[in-house]
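Below: the structure, in structure tokens.
The values are calculated or read from the model by the stated rules, or taken from the named source; none is laboratory data. Values in this document were obtained by computation on a predicted structure and should not be read as measured data. Here the Cβ is made from the backbone with ideal geometry for all residues, glycine too, and neighbour counts use every protein chain on show. To get the accessible areas, we keep the full protein, side chains included, count just its heavy atoms, and leave off ligands, DNA and RNA. Shrake-Rupley method; radii C 1.70, N 1.55, O 1.52, S 1.80 Å.
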Amino acid sequence: MRFETAGGPHIPAPITVHQVMRDVLLALVPGILAHLWFFGPGILFQLALAIGAALGFEALMLKLRGARLDLHLHDLTAPVTGALYALCLPPLMPWWAAIIGMFFAIVIAKHLYGGLGNNLFNPAMVGFVVVIVAFPNISTTWVPAQSLAENPLNLIDSFKVIFFGTLPDGLTWDAITGATPLDLIRTRISEGIMLTEIRTDEIFGKYGGKGFEWVSIGYLVGGLYLLYRKVITWHVPVAMLGTVAVLTLPAYAMDPYNNPFPLQHILTGGMVLGAFFIATDPVSGSTTPRGRLIFGLGVAILTLSIRRWGAYPDGVAFSVLLMNCAVPLIDRYTKPRVFGRE
């Protein structure tokens with residue numbers, strides 16, 4: 001029997017790092033737009049600062065290592081690192097936080113380990129963890145959603161706060177910032193206040209907090225785009241979000257007065273961003289199908305543990321870095337069986 005054969009070439013074109021990183025940046029757009037709409041223009045300055053600092057340190061390290069700048073700066077890995085770092089920060093973080101964070105992300109976590117493809121830890125999360133540990137007071141305070149803010153800041157006001165620390169006349173930090181929903185839940189429950197009473201606070205939306213839940217939905221839309229483009233696989237997001245739902249639903253069913261509804265855990269904080277954009281990092285994450293399931297499960301369990309018993313209201317960044325340490329062991333014991341061997 002004769003089969004028709006299409007003309008060459010028959011080898012598909014390889015997917016480049018530039019194409020993958022471009023898709024990641026495009027996938028972040030819905031979440032960034034939601035962030036801009038609900039929390040004001042501060043995020044634009046954070047993105048510009050972090051991406052600019054990432055490119056600057058990337059160029060410096062490439063120069064010191066004698067590598068080609070045009071080739072490596074074009075791969076977009078530095079802008080992705082800067083964008084993921086910026087999206088984890090409060091919108092009004094001082095300008096120097098981007099410099100410090102990107103120094104540790106690009107110089108320490110990436111290039112001192114050998115550059116692209118050799119880093120053990122997720123660079124963006126290294127930079128973020130360094131900043132929130134070193135400067136906890138300024139890195140855990142957010143602006144409320146624009147609809148709740150008594151004194152919402154415009155573009156010029158945000159610029160002055162970020163670059164000069166100058167507040168609008170007659171306003172104090174307490175007047176323009178506040179706790180996140182996760183931080184509020186953690187603090188009030190420790191004081192013996194029931195969750196049903198806490199949720200009467202206007203900061204809460206339907207599930208994850210006004211503004212925060214829509215930002216997470218934006219990241220979810222972007223994550224589905226990455227799945228469609230086959231930039232990531234389903235293993236880590238499903239394992240991570242599924243584990244959160246499975247572990248928190250019984251607790252909520254037994255004691256809804258002191259345990260948040262599963263969607264509260266998923267749509268608040270960095271859970272969705274982490275599930276689709278951070279824990280799926282192909283370099284610092286697991287590379288085997290079963291390993292990715294274990295990696296996502298571990299990140300979810302550690303995040304819930306930190307939220308419940310740790311010192312920080314959200315624990316996605318710490319959980320990802322801890323699981324990065326376990327990746328070599330996970331990959332070693334989850335290797336797929338070689339075809340034809342028992």
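List of remarks:
- Listed by first and then second residue, the pairs linking a residue in the stretch 12-41 that is farther than 17 Å from residue 89 by Cβ and touching a residue at least 40 places away in the same chain (Cβ under 8 Å) to a residue that is part of a helix (DSSP H, G or I) and of a type in the set (S, T, N, Q), with Cβ atoms under 8 Å apart and 6 or more places separating them unless they lie on different chains, are 17/77; 21/77.
- When restricted to residues that are in a helix (DSSP H, G or I) and either touching an Asp or Glu at 6+ places or on another chain (Cβ under 9 Å) or within 22 Å of residue 320 (Cα to Cα) (or both), the stretch 224-273 contains 27.
- Output for the stretch 277-302, where each listed residue is in contact with a Phe, Trp or Tyr (Cβ under 8 Å, 6 or more places away or on another chain) and either touching a residue at least 60 places away in the same chain (Cβ under 8 Å) or assigned to a loop (DSSP other than H, G, I, E, B) (or both): 277, 279, 284, 285, 286
- The one condition in (1) within 24 Å of the chain's Cα centre (by Cα); (2) at pLDDT 85 or above that residue 179 fails to fulfil: (2)
- Picking from residues in the stretch 122-144 that are touching a Ser or Thr at 6+ places or on another chain (Cβ under 6 Å) and in a helix (DSSP H, G or I), the one that is surrounded by the fewest Cβ atoms within 10 Å (Cβ to Cβ) is 132.
- Among the candidates 209, 218, the residue that is within 23 Å of residue 142 (Cα to Cα) and either acidic (Asp, Glu) or within 14 Å of the chain's Cα centre (by Cα) (or both) is uniquely 218.
- Any hit, the stretch 60-77, residues being in a helix (DSSP H, G or I), polar (S, T, N, Q) and in contact with a Leu (Cβ under 7 Å, 6 or more places away or on another chain): yes
- Output for the stretch 88-105, where each listed residue is modelled with pLDDT of 95 or more and open to solvent by less than 10 Å² (accessible area, probe 1.4 Å): 101, 102, 105
- Among residues of the stretch 252-276 being open to solvent by 30 Å² or more (accessible area, probe 1.4 Å) and either among the basic types (Lys, Arg) or free of Cβ contacts under 8 Å to residues at least 40 places away in the same chain (or both), the one that is nearest to residue 331 (Cα to Cα) is 252.
- Sole exception among (1) of a type outside the set (A, V, I, L, M); (2) surrounded by fewer than 17 Cβ atoms within 10 Å (Cβ to Cβ); (3) more than 22 Å from residue 271 (Cα to Cα) for residue 111, by number: (2)
- Restricting the stretch 40-52 to residues that are more than 18 Å from the chain's Cα centre (by Cα) and more than 14 Å from residue 163 (Cα to Cα), the residue that is surrounded by the fewest Cβ atoms within 10 Å (Cβ to Cβ): 52
- Lone unmet requirement of (1) modelled with pLDDT under 95; (2) among the β-branched types (Val, Ile, Thr); (3) closer than 18 Å to residue 265 by Cβ for residue 200: (3)
- Answer residue from the stretch 149-166, given it is out of contact with any Lys or Arg (no Cβ under 8 Å at 6 or more places or on another chain) and assigned to a loop (DSSP other than H, G, I, E, B) and is nearest to residue 209 (Cα to Cα) among those: 149
- If you go through the stretch 153-179 and keep only what is closer than 21 Å to residue 49 by Cβ and surrounded by 17 or more Cβ atoms within 10 Å (Cβ to Cβ), you end up with 153, 157, 158, 159, 161, 162, 167, 176, 177.
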